[in-house]
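Since the structure comes first, as structure tokens, the remarks are kept for the end.
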Amino acid sequence: MVNDPVGDFINRLKNAGAIKKASVSLPFSNFKLAIAEKLKDAGFVADFEKKGKKVKKTLDVTLLYSAQGEHKIKGV
């Protein structure tokens, strides 16, 4: 069980960016959805999408990279 869902969310994004993944899928919550919206507005992620129904909901976040191929989220 994760005690810090925000920290876990940010670390999953950072780790996926470190290995150049295009997107990350993680368990859905309205709180994580709100964070994803703010990260998109700030230019740290390209897009996000809620998928699934009932208890199998996921949040798919598309990562954003610079022109040089560097992930936008670093130094966390």
When every residue in region 25-39 that is among the aliphatic types (A, V, I, L, M) and more than 13 Å from Lys72 (Cβ to Cβ) is compared, the one surrounded by the most Cβ atoms within 10 Å (Cβ to Cβ) is Ala36
Scope region 1-35; condition over 10 Å from the mean Cα position of the chain (by Cα) and touching a residue at least 40 places away in the same chain (Cβ under 8 Å); matching residues | Ala18, Lys20, Lys21, Ala22
Can you find even one residue in region 52-73 that is in contact with a Leu (Cβ under 7 Å, 6 or more places away or on another chain), of a type in the set (S, T, N, Q) and in contact (Cβ under 8 Å) with a residue 24 or more places away in the chain?
-> yes
Go through region 1-24 residue by residue and tally those that are open to solvent by 70 Å² or more (accessible area, probe 1.4 Å) and in contact with an Asp or Glu (Cβ under 7 Å, 6 or more places away or on another chain).
-> 1
Mind listing just one residue for me: the one in region 40-49 that is in contact (Cβ under 8 Å) with a residue 12 or more places away in the chain and surrounded by 14 or more Cβ atoms within 10 Å (Cβ to Cβ) and, of those, farthest from Tyr65 (Cα to Cα)?
-> Phe48
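The values are calculated or read from the model by the stated rules, or taken from the named source; none is laboratory data. Keep in mind it's a predicted model, so treat the numbers as computed, not measured. When we count neighbours, we look across all protein chains shown, and the Cβ atoms used for this are built from the backbone with ideal geometry, even at glycine. In case anyone asks, the SASA skips ligands and DNA or RNA and just uses the protein heavy atoms, side chains included. Shrake-Rupley method; radii C 1.70, N 1.55, O 1.52, S 1.80 Å.
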